[in-house]
Amino acid sequence: MSSLDDYLTTPKATNDRPLLGQTILVVEDSRYACEALRLMCLRSGARIRMADCLTSARRHLKVYRPSVIVIDIGLPDGSGADLLEDLANASPRVDVILGTSGDPNGQDMALAAGADGFLEKPLTSLAAFQDAVLSHLPDDRRPSGPRSVNDEIIVPDRIAYQNDMAHIADVLGAETDAHVLDYITQFTGGVARTASDRELSIAVDNVIDARTEGRHLPNAIAALSGLIQERLNARAVI
């Protein structure tokens with residue numbers, strides 16, 4: 001029978017499971033991006049906890065302190081940059097604080113808020129994920145000796161993508177004020193990039209351009225809604 005010490009001791013990282021012993025809190029509202037990160041944590045040996053908004057993330061952080069946190073910049077109840085800044089200035093500090101986004105300006109925003117690093121969407125490379133975490137962990141938390149690079153490409157289950165499409169359809173079905181449109185374009189653009197859905201990404205860009213240039217916005221929103229419905233009806237082939 002194992003002794004109590006066996007349960008209290010943090011497992012040591014290995015070359016095959018370089019994040020063994022780490023607890024990673026993922027703050028992300030996209031089910032598809034969450035599934036990608038869940039698979040990456042599973043392959044790397046890390047425990048994962050998930051929060052889909054700032055409010056939920058702050059509840060998690062009142063209960064425990066993860067060793068790593070990954071925060072999406074665009075969240076339904078505010079900017080992930082605010083949480084990044086709070087954690088970067090907190091004491092004791094989370095060992096590794098990473099931002100993520102599909103927004104071209106996301107990296108600058110995350111680093112300006114105090115993030116240690118950034119994961120650009122689409123989240124597909126296991127090696128890039130592991131390197132982003134390991135490069136900022138203390139030396140005694142990393143695997144010793146040379147480590148083989150796992151270049152596996154992570155492909156989440158398409159059901160998670162369908163869940164994101166349903167969420168977008170629900171939000172678009174409500175009143176689309178400026179705040180909602182900001183969230184929808186950020187969220188949908190991130191999902192489209194994560195899933196390499198170019199057609200959907202172009203439709204999001206058209207909504208953004210119509211708002212910026214003062215063109216007839218309902219047409220662009222209707223085109224985006226049509227694509228979302230197509231994916232729901234066809235159970236989207238990504």
Count of residues meeting criterion [in contact with a helix residue (DSSP H, G or I) (Cβ under 7 Å, 6 or more places away or on another chain) and at pLDDT below 95] in region 94-111: 3
Selection status of residue 115, under 16 Å from the mean Cα position of the chain (by Cα) and farther than 25 Å from residue 205 by Cα: yes
Residue list for region 43-64, filter: touching a strand residue (DSSP E or B) at 6+ places or on another chain (Cβ under 6 Å) and open to solvent by less than 10 Å² (accessible area, probe 1.4 Å): 51, 57
Any pair with Cβ under 8 angstrom, 6 or more apart, that starts in region 97-119 at a residue that is in contact (Cβ under 8 Å) with a residue 40 or more places away in the chain and over 19 Å from residue 184 (Cα atoms) and ends at one that is open to solvent by less than 80 Å² (accessible area, probe 1.4 Å) and polar (S, T, N, Q): 119/100
Some residue of region 126-134 being surrounded by 12 or more Cβ atoms within 10 Å (Cβ to Cβ) and touching a Phe, Trp or Tyr at 6+ places or on another chain (Cβ under 9 Å): yes
Residue 78 being modelled with pLDDT under 95, surrounded by fewer than 18 Cβ atoms within 10 Å (Cβ to Cβ), closer than 21 Å to residue 191 by Cβ and small (Gly, Ala, Ser): yes
Filter pass, residue 67 being under 23 Å from residue 158 (Cα atoms) and either open to solvent by 20 Å² or more (accessible area, probe 1.4 Å) or not hydrophobic (A, V, I, L, M, F, W, C) (or both): no
Members of region 188-238 found to be among the basic types (Lys, Arg) and surrounded by 11 or more Cβ atoms within 10 Å (Cβ to Cβ), listed by number: 193, 211, 215, 231, 235
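For the condition acidic (Asp, Glu), over 30 Å from residue 11 (Cα atoms) and open to solvent by 60 Å² or more (accessible area, probe 1.4 Å), what is the one hit in 157, 170, 139? Working first, answer last.
Details: 157 fails: over 30 Å from residue 11 (Cα atoms); 139 fails: over 30 Å from residue 11 (Cα atoms).
Step by step, each of 157, 170, 139 is checked, and only 170 is acidic (Asp, Glu), over 30 Å from residue 11 (Cα atoms) and open to solvent by 60 Å² or more (accessible area, probe 1.4 Å).
Which of the residues belonging to region 71-94 are of a type in the set (Gly, Ala, Ser), in a loop (DSSP other than H, G, I, E, B) and more than 18 Å from residue 24 (Cβ to Cβ)?
Hit for region 71-94 is 91, nothing else.
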Within region 148-179, tally of residues that are polar (S, T, N, Q) and outside any helix (DSSP H, G or I): 3
Close pairs (9 angstrom Cβ cut-off, 6 or more residues apart or separate chains): under 20 Å from residue 163 (Cα atoms) in region 210-236, of a type in the set (Phe, Trp, Tyr) anywhere: 231/161; 236/161
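The values are calculated or read from the model by the stated rules, or taken from the named source; none is laboratory data. Small disclaimer: the values here were computed from a predicted structure and weren't measured. Heads up, the Cβs are rebuilt from the backbone with ideal geometry, glycines too, and the neighbour counts pull from every protein chain shown. Surface accessibility is based on the protein's heavy atoms, side chains included, excluding ligands, DNA and RNA. Shrake-Rupley method; radii C 1.70, N 1.55, O 1.52, S 1.80 Å.
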